[in-house]
Amino acid sequence: MSPPDCLIRPLTEGDFAQAVALTDTMDWGLGEDDFSFMKLMEPEGCFVAVFGGKVVGLITSISFGSVGWVGNVIVQSAHRGEGIGRELVERALDYLEKKGVTTVGLYAYQNVVRFYEQFGFIKDRDFVWLVCPEAAWKGTPASSLSQSRLEDLLKLDEELFGAPRRRLLKPIFEGSHGLCRGIIQNGRLVAYVMGSKGKSAEIGPWACLRGYEQESLSLFQSLADEVKGLEVFVGVPAWRSEVVDFLLGIGFKKRFILPRMYRGPPLPDEGVLAIESLERG
Ligand SMILES: CC(C)(COP(=O)(O)OP(=O)(O)OC[C@H]1O[C@@H](n2cnc3c(N)ncnc32)[C@H](O)[C@@H]1OP(=O)(O)O)[C@@H](O)C(=O)NCCC(=O)NCCS
């Protein structure tokens, strides 16, 4: 049970600065713009725990049809063990259920797997979070995907990730500053990579149809000029050793291993080379 005067309510714009300060305690590197984006994506699906007028807990969620994700789950260290984390997770799950979500996914630290198991989450496969401190790899230049390919990309993404993600991918595509590229074979999009950049760059989603894995590595490498000199982050399936080895070979380092967890029917894996983000799947 959380303390009676701890209120769980939807995240508002006025909470962003405190949300950043809270997540900074875990070095998640989030800014107010990240919370603004989450709020834009799921206006009623992000929650804060407020105690004595201060934000002491946070969770975000997002829904794509029958698939939803939760992320940014955190309680201020002084208030852990008081039932606040449980209330936040239950509130987000309740919200997602009402939206028609049947599968909920998340990426967990190893030491919180048991925390999530109490809500019915099952530990699935491992993902690796990699960081390239200062991108300097070389790649053959490739052109960005044209706007006319957006519908093809959304269709392929839905096929591979098992969820309609237009709401998320369209703004990334339109603001991607040249980080959105694809492979077209006989007029058909068979692989793509997306990303966003500011002071650093985050690459993902990155996915392909079976048989195009090798070409997809070159596709990733073709982002060289776009991310040169930046810190670059990417989260990839740990069991795809060819992808992990490729990234290590061009200057990435393993930051941590995160088990994916899910509740409800399993999440698909086929063709996924990199996730979009740790909080949105
Ligand atoms: C994980 C976290 C959100 C839990 O929040 P919390 O408010 O301390 O959790 P609660 O007090 O609601 O705990 C609810 C139950 O989970 C248990 N629990 C809490 N943390 C746990 C853990 N790491 N492993 C196993 N069980 C845990 C509690 O003992 C409690 O069990 P009980 O109901 O049988 O007493 C919090 O520890 C935290 O912010 N950690 C740092 C950030 C982080 O790692 N976030 C997860 C990212 S994947």
Worksheet entry | Lysine pairs with alpha-carbon atoms under 14 Å apart, the chain, spacing 8 or more or separate chains | 4
Worksheet, complete the sentence: Mean projected area, convex hull of alpha-carbon positions in the chain, reported to one decimal in nm², is 13.9
Response to the item:
Neighbour-count ranking for Trp129, Trp28, Trp239, Trp69 (other C-beta within 10 angstrom, fewest to most) reads Trp239, Trp28, Trp129, Trp69
Discussion item. Net charge around Phe233, counting only other residues with Cβ within less than 10 Å of its Cβ (Lys, Arg = +1; Asp, Glu = -1)?
Written reply: -1
Discussion item. Given the C-alpha atoms of region 6-101, compute the convex hull and give its volume per residue in Å³.
Written reply: 84
Worksheet item: Gain in length, Glu174 to Lys254, computed as 0.36 nm per residue apart minus the alpha-carbon separation, to one decimal in nm?
Response: 25.8 nm
Worksheet entry | Among Ala201, Ala17, Ala92, residue whose mean-square fluctuation peaks in a GNM of the chain (springs only between Cα atoms under 10 Å) | Ala17
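Counting Lys and Arg as +1 and Asp and Glu as -1, each charge on the Cβ, what is the dipole of the chain about the Cα centre in debye, to the nearest 20? Write down the numbers at each step before the final one.
Numbers: 31 positive and 37 negative charges, 52 e Å.
Computed about the Cα centre, the dipole is about 240 debye.
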Response to the item:
Ranked from fewest to most other Cβ atoms within 10 Å of their own Cβ, Ser148, Ser61, Ser66 fall in the order Ser148, Ser66, Ser61
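Could you give the C-alpha radius of gyration of region 130-274 expressed as a fraction of 2.2 N^0.38 Å, taking N as the number of residues it contains?
Details: Rg = 14.5 Å, N = 145, 2.2 N^0.38 = 14.6 Å.
Taking the Cα Rg and dividing by 2.2 N^0.38 Å, one obtains 0.99.
Using DSSP loop states and a limit of at most 16 other Cβ atoms within 10 Å to flag GluC sites (Glu not before Pro), what is the longest stretch of the chain containing no flagged site? Walk me through the numbers before you get to the answer.
Numbers: sites that count: Glu44, Glu134, Glu270.
In short, 135-269.
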Fill in: Cα gyration tensor shape for region 118-200, rounded if a/c is under 1.5, else prolate or oblate
oblate
Worksheet entry | Furthest towards positive pole of dipole, Ala191, Leu106, Gln76, structure part the chain, Cβ charges | Ala191
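What order do you get for His177, His79 when you list them from fewest to most C-beta neighbours inside 10 Å? Working shown, then result.
Values: His177 13, His79 18.
With the fewest neighbours first, His177, His79 line up as His177, His79.
Values quoted throughout were computed directly from the atomic coordinates according to the rules given, and no laboratory measurement underlies them. None of these values were measured; they are calculated from a predicted model. Neighbour counts are summed over all protein chains in view; Cβ atoms, including those assigned to glycine, are modelled from backbone coordinates with ideal geometry.
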